[in-house]
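Notes follow the structure.
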Amino acid sequence: MKNYEYIIASLPVIQQDDRSAANLDVENLHEQILEQLDGGDREDFLLLLDGFRPDRLDGDFYRKALASRNGFMREYFLYDLNVRNTKVEYLNHALARPEGQDMLLLDEDDENVFEGKEQVQAVLEQNDILSRERGLDDLMWAKCEELTTMHVFDLDVILAFAARLQIIDRWLRLDPETGRELFRKLVNEIRNNR
């Protein structure tokens, strides 16, 4: 049973005040969503969450994500891989390391032309490390929006919500004010799409 409308409509609407954002329980929200998904959708959701665990980001993970039946998964993680490789390429150049060192290349990379490379490089040129990290997360956030532009009640919207929730959680841990700002942005987007 595909109950995307119910899942999306039942996502908790949390108040925009600082206290609510700071007490955001990301794990609980993930569990609520997982309880309502079935079969392959549940697998896709769990795979998405694995994509936010550094210990899981290897060639096997990306091959599995890029072979997913879900278009959001394929496109989001192809973009994620390209962003990460561009970052490594930038660091290799900045640190005078050998070209290609520590990059994660898959067989598909021969055909892959990363159109967002200049945007990522521009973010990496910033002097402040927090600005760079925020800029990279802003690009990932924008990719979620781009991939769900014509979607209303489907799995892609749920996956994009979870991906953006991970970004918010990261910033709540690093910088509560930025995390609250991103959280307010997500709540407003959800409200506007209902």
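The values are calculated or read from the model by the stated rules, or taken from the named source; none is laboratory data. These numbers come from a predicted model, not from an experiment. In this analysis, Cβ positions are derived from the backbone assuming ideal geometry, glycine residues included, and neighbour counts consider all displayed protein chains. Areas reflect the complete protein model, heavy atoms only, side chains present, ligands, DNA and RNA absent. Shrake-Rupley method; radii C 1.70, N 1.55, O 1.52, S 1.80 Å.
If I stretch the segment between Asp60 and Lys2 completely, what's the gain in nm (0.36 nm per residue apart, minus their alpha carbon distance), one decimal?
This chain segment gains 18.0 nm when fully extended.
Suppose each label sits 7 Å from its Cα in the direction of the beta carbon; what would the Asp102-Phe153 distance come out to in nanometres?
The modelled label-to-label distance comes out at 4.7 nm.
Could you please state how large a percent of the accessible area of region 60-106 is carbon and sulfur, counting protein chains only and using a 1.4 Å probe?
53
Can you tell me the order of 92-101, 155-164 when each peptide is scored by its average per-residue count of other Cβ atoms within 10 angstrom, highest first?
In decreasing order of mean packing, 92-101, 155-164 become 155-164, 92-101.
At 7 Å along the Cα-to-beta-carbon direction for both Asp128 and Phe52, put a label point, then send me their distance in nm to one decimal.
Between Asp128 and Phe52, the label points sit 2.4 nm apart.
Give me the extension gain from Ala142 to Glu35: residue separation times 0.36 nm, minus the current Cα-Cα distance, reported in nm with one decimal.
That works out to 35.8 nm of additional length.
If I stretch the segment between Val113 and Glu181 completely, what's the gain in nm (0.36 nm per residue apart, minus their alpha carbon distance), one decimal?
Here the segment from Val113 to Glu181 would lengthen by 21.2 nm.
Just to confirm, what accessible area per residue do you get for region 35-115 at 1.4 Å probe, in whole Å²?
60
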